[in-house]
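We did not get these values from a lab; they are worked out from the coordinates using the rules stated. This structure is a prediction, so every number in the text was calculated from the model and none was measured. Positions of Cβ are backbone-derived with ideal geometry, glycine not excepted, and every protein chain shown enters the neighbour counts.
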Amino acid sequence: MHALFAINDPASQSPTIERFVRQLAPELRFAEVEVTIVSPYASFQNDSQLAERLSTLTVETTSGEQKVRVLEGRTQQSIRHFFLSNGRYLDSAQTDPHLRAAFFSKAVCEFVLSLSSTIDIIHCNDWQSSLVPVFLEECYAEVDALAPVMVLTTIHDPRELGVCKPEILLEMCLPAHVCHPDNLGHEGAVSMLKGGILYSDGLSLLSESFVHEYLKDGGAFGLDESVQARQEDLFGVRIGVDYSGWDPKTDPLLAKNFDREYLNGKRQCKADLQRIAKLPIIPNVPLFLFCGELIEHKGLDLVSDVLDDLMDAGAQLIIAGCGAPEYETAAQAWAGEFPKQVSVFDKVDLALTHRALSGADILLLPSRWEVFEDLHLFAMKYGTIPCARAIGPYKDDLEAVDDLGKQGTAFLFDEYTPDDLYRALDEAVSLYALQRQWRGLQSRAMMRSATLRNTAVAYKKLYEELL
């Protein structure tokens, strides 16, 4: 079985997609799936060794035939990575991203035709490559060599619909009916993601639980009717993580190494975190951590609503991240109001993330919605207990702590309300006071594992079902 990953945007713009492919591809190969990657020349080339130009493709547009150079490289994991280069549509930073996406999607079809080896699955990612199945059906339906090729589109960010003018699709010689409201038409324009939803043989999300949320009325960000029409072909495949470099027993970035049998080292990591956060070094107060983008759906408005109660409980809170100005300002205001209990890091690097996860007691994850997140998996490996809303990946990965604190790995709440969040926080603070039970909870959490190898096996099974 041979899978081709089509990725169309630089890693700086689509870090989730880039990481998804980089980490999953070697594991798929281990699962006996041959993997190839194709992307525009402007994407990812810094991580690959480029070879000489292999060949030239021809892509038809309304402005004439466009020549596309094909170069081959290798990723750091020795995965074959082909690059498509065209000065007008692919190589220039000034090119409209939707025009680049449309041209790239069509060029991928020509690229598959040019290969000497057979491609069984084209694995597209988000709107930036989701026109591939549209071109296969509308422009290449009579090409026998492409008839057996199946397309799976993974939706990483369902908010991004790839909305653009119909003229962009028409410039790539797609027929006019594709732009009709019953097809890719969307609110007077067209949605590229809608093309992937309607034309792909299969669709996947990065969370089994989010599939149910995505299918609810209003859950597909304006594409409800299209998504619900394809619900039989919509799958959730939870993405595991690469734990290499994330072991508290050997992590060189920690103040003191520890494991589930020797948790005293975590106390030293907590003191180290309190020190660099300029908080009082008090070992027996619960230290909460919010680490990530300060943006609307991450639930900071809920944190604001319960902050006074959390401070009254004697807790400490570290905010590590940057984002929307209003949330950055709010976080700084909290630190100003509670200087001995709240601290803010507005610049977060990998070293700080390791130190924060090793030193914190509880990781705050009160998101309004979430499709893909993995910080909670690393946090548990470091004995830091998630307090999360039971949605998407959190619902997939976390088990609620029971009333006695003897089972479960996290404090969960269901409704996006201050009262429900406070209930979960209160449970966490109460159990934290019972250090014997708390250490048992930490030990259970540190045993939790979600590896990429399991993800690769799940995707291989999905590929086989499509074929």
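Listing for the model above:
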{"item": "DSSP-defined beta bridges in the chain - what % are antiparallel, rounded to 5", "result": "30 percent"}
{"item": "Whichever lysines have a C-alpha closer than 21 Å to that of K406, once near sequence neighbours (fewer than 8 apart) are set aside", "result": "K266, K381, K395"}
{"item": "With Cα atoms, 0 to 90° folded angle of helix 97-114 axis to the chain main axis", "result": "60 degrees"}
{"item": "Charge context of G359, other residues only, Cβ under 11 angstrom, K/R +1, D/E -1", "result": "+4"}
{"item": "Radius of gyration and Dmax over the Cα atoms of the range 117-217, both given in Å", "result": "13.9, 43"}
{"item": "Burial order of peptide ranges 199-209, 441-451, 129-139 (average beta-carbon count within 10 Å, highest first)", "result": "129-139, 199-209, 441-451"}
{"item": "For the range 317-403, with +1 on Lys and Arg beta carbons and -1 on Asp and Glu, the positive-most of A379, G359, P339 along the dipole", "result": "P339"}
{"item": "Net charge dipole size for the range 264-449 [Lys, Arg +1 and Asp, Glu -1 on Cβ; Debye, nearest 20]", "result": "1220 debye"}
{"item": "Cα-based shape type of the range 264-449, given that a ≥ b ≥ c are square roots of the gyration tensor eigenvalues and the cut on a/c is 1.5", "result": "rounded"}
{"item": "Cα long-axis angle, helix 325-337 against the chain (0 to 90 degrees, to the nearest 10)", "result": "10 degrees"}
{"item": "Gyration tensor verdict on the range 386-442 (Cα atoms; rounded if a/c is under 1.5, prolate if a/b is larger than b/c, oblate otherwise)", "result": "oblate"}
{"item": "Cα shape, the range 184-256, gyration tensor, a/c 1.5 rule", "result": "prolate"}
{"item": "Residue (of I121, C179, G219) at the positive-pole extreme of the chain, dipole from beta-carbon charges", "result": "I121"}
{"item": "Local electrostatic count at L467 - Lys and Arg +1, Asp and Glu -1, tallied over other residues with Cβ under 10 Å", "result": "-4"}
{"item": "Debye, to nearest 20: dipole size of the chain, +1 on Lys, Arg Cβ, -1 on Asp, Glu Cβ", "result": "2040 debye"}
{"item": "Subset of K106/K194; K256/K278; K298/K347; K165/K194; K278/K298 violating a 23 Å alpha-carbon distance limit", "result": "K278/K298"}
{"item": "Local electrostatic count at T384 - Lys and Arg +1, Asp and Glu -1, tallied over other residues with Cβ under 9 Å", "result": "+1"}
{"item": "Packing rank of 267-273, 327-333, 226-232, where each peptide gets the mean count of other beta carbons within 10 Å, highest leading", "result": "267-273, 327-333, 226-232"}
{"item": "Cα pair distances exceeding 20 angstrom across the range 334-415, given as percent", "result": "40 percent"}
{"item": "For the chain, convex hull of alpha carbons as volume per residue, Å³", "result": "146 Å³"}
{"item": "The range 186-243-the range 270-287 distance, computed between alpha-carbon centres (Å)", "result": "43 Å"}
{"item": "Net dipole in debye of the range 350-467 [+1 Lys, Arg Cβ; -1 Asp, Glu Cβ; about Cα centre; nearest 20]", "result": "620 debye"}
{"item": "If the convex hull is drawn through the Cα atoms of the range 139-197, its volume per residue in Å³", "result": "96 Å³"}
{"item": "Value of [θ]222 nm, deg cm²/dmol, for the chain, DSSP H segments ≥ 4, -39500 (n - 2.57) each, nearest 500", "result": "-11000 deg cm²/dmol"}
{"item": "Packing-based ranking, highest mean first, of 56-69, 177-190 given that Cβ atoms within 10 Å are counted", "result": "177-190, 56-69"}
